[in-house]
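*Asks:* A single structure is presented below for examination.
The values are calculated or read from the model by the stated rules, or taken from the named source; none is laboratory data. What you see is a predicted model; the values in this text were computed from it and never measured. As a convention, Cβ positions derive from the backbone with ideal geometry for all residues, glycine included, and neighbour counts pool all protein chains shown.
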Amino acid sequence: MSFTAEVKDELTRVEPVCTHCLQATLAALVRTEGTLFKSGQDSYRVEIATDTPSVARLVIRSLHELYGLKTALTMRRSVLHKTPNYLIEVPMQPGLRGVLEDMGVLNDRGGLYLGIPDKLVAKECCSAAYLRGAFLGGGFVSDPRGDFHFEITLENEALAQGLVDLMARKGIKARIMRRRSSHMVYLKSGTAILEFLAFVGAHQGALAMEEARVVKSVRNDVNRQINAEYANQAKTVNASMDQLSAIKTVVAAYGMENLPPALQEFIELRMKHPSATLKELGDLATPPLSKSAVYHRVRRIESMAADVK
């Protein structure tokens, strides 16, 4: 099961906070996944498609409990993806237009309602419920072990803007992007996705995402530390090779016995410990030398080698 399917399955089990929360969830689901058909004056029927069985059960139960509507369920199997798809049909029946108006699908003149009716999201719990329904209908969230990505696909810009405004109430910054004939509300920040999941009630999904974020953070810290150590080792090796080259030039030109004792000691230490840092060479000296003292000897040898060349 994909991470999106896991989150949707969890969201279908969230208990409504108030009596209007289920209505808000159902309304958003119908708006995002429903198709409206009109065959005459006040003659409507609705089809709602989903590939998540728990979402199909939620839609059917909500339509029955809230409005007493008749429904029919058909399970179809995708030839391409070999996965089941569930089609919920709400046939033409008395009172359906009033239900569609109540859910904000139709306005009071029988036209399509483009935005989100204020009455459906007046309370914070109902705002969360509406966002929950929108995600159940057209939402996608990537596996948190990979790159963070979240989107809800919608048919019209007014509805997309309405969702962005609802998220903004909780300080969640979402954006809208046009994709062919649809609009996509998306979140890129891992923090924003985490806040959304927690707000709509996907606490297990939020926990899984937080665990993945911690693992990523630790892995990145380890990688940075390893890269820094490799860089330091490479720098030390390159410096040591340069010093050995300078030592060879100086000894060949002046003779080891003609060099000052301090330089002789450094040369012997460097020859015995070619991969040691300057600090480590200083610790090996007798008596021990500071890093700056060792560096001073290196500078003298490099200067002498430059003079020879």
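*Asks:* State yes or no: is Val185 over 26 Å from Glu280 (Cβ atoms), of a type in the set (A, V, I, L, M, F, W, C), within 40 Å of the chain's Cα centre (by Cα) and surrounded by 13 or more Cβ atoms within 10 Å (Cβ to Cβ)?
*Replies:* Taking the combined requirement at face value, the residue satisfies it.
*Asks:* List the pairs whose first member sits in the stretch 220-237 and is under 14 Å from Ala276 (Cα atoms), whose second member is surrounded by 10 or more Cβ atoms within 10 Å (Cβ to Cβ) and of a type outside the set (Gly, Ala, Ser), and whose Cβ atoms are under 8 Å apart, counting only residues at least 6 apart or on separate chains?
*Replies:* Within 8 Å, the pairs are Thr236/Thr277.
*Asks:* Would you check which residues across the stretch 124-155 are at pLDDT below 95 and either of a type in the set (Lys, Arg) or not assigned by TED's automatic domain parsing to the domain that holds Arg180 (or both) and list them?
*Replies:* Arg145 - this is the single residue of the stretch 124-155 that is at pLDDT below 95 and either of a type in the set (Lys, Arg) or not assigned by TED's automatic domain parsing to the domain that holds Arg180 (or both).
*Asks:* Ok, one more. On the basis of being loosely packed, with under 14 Cβ neighbours inside 10 Å, among the charged types (D, E, K, R) and within 16 Å of Ile116 (Cβ to Cβ), does Arg179 make the cut?
*Replies:* In short, no.
*Asks:* If you don't mind, there's one more thing I want to ask. Any residue that is exposed (fewer than 12 other Cβ atoms within 10 Å of the Cβ), under 30 Å from Gly146 (Cβ atoms) and within 50 Å of the chain's Cα centre (by Cα) - is there at least one of those in the stretch 269-280?
*Replies:* No, there is no match, as no residue in the stretch 269-280 is exposed (fewer than 12 other Cβ atoms within 10 Å of the Cβ), under 30 Å from Gly146 (Cβ atoms) and within 50 Å of the chain's Cα centre (by Cα).
*Asks:* May I ask you to verify whether Arg299 is within 22 Å of Lys235 (Cα to Cα), without any contact (Cβ under 8 Å) to a residue 12 or more places away in the chain and in the same structural domain as Tyr230 (by TED's automatic domain parsing)?
*Replies:* yes
*Asks:* Sticking with this one: Hey, any hits in the stretch 28-44 for a residue that's within 13 Å of Gly137 (Cα to Cα) and among the basic types (Lys, Arg)?
*Replies:* Taking every residue of the stretch 28-44 in turn, at least one turns out to be within 13 Å of Gly137 (Cα to Cα) and among the basic types (Lys, Arg).
*Asks:* Do you know which of the residues in the stretch 12-48 that are of a type in the set (A, V, I, L, M, F, W, C) and touching a strand residue (DSSP E or B) at 6+ places or on another chain (Cβ under 9 Å) is surrounded by the fewest Cβ atoms within 10 Å (Cβ to Cβ)?
*Replies:* Phe37
*Asks:* Now for a different question. Please indicate, with yes or no, whether at least one residue in the stretch 11-24 is farther than 27 Å from Ser181 by Cα, out of contact with any Phe, Trp or Tyr (no Cβ under 6 Å at 6 or more places or on another chain) and without any contact (Cβ under 8 Å) to a residue 40 or more places away in the chain.
*Replies:* yes
*Asks:* Mind listing just one residue for me: the one in the stretch 201-248 that is hydrophobic (A, V, I, L, M, F, W, C), surrounded by 15 or more Cβ atoms within 10 Å (Cβ to Cβ) and farther than 20 Å from Lys188 by Cβ and, of those, modelled with the highest pLDDT?
*Replies:* Ile247
*Asks:* Still on this structure: In this structure, is Arg270 farther than 30 Å from Cys125 by Cα and either among the polar types (S, T, N, Q) or at pLDDT 85 or above (or both)?
*Replies:* yes
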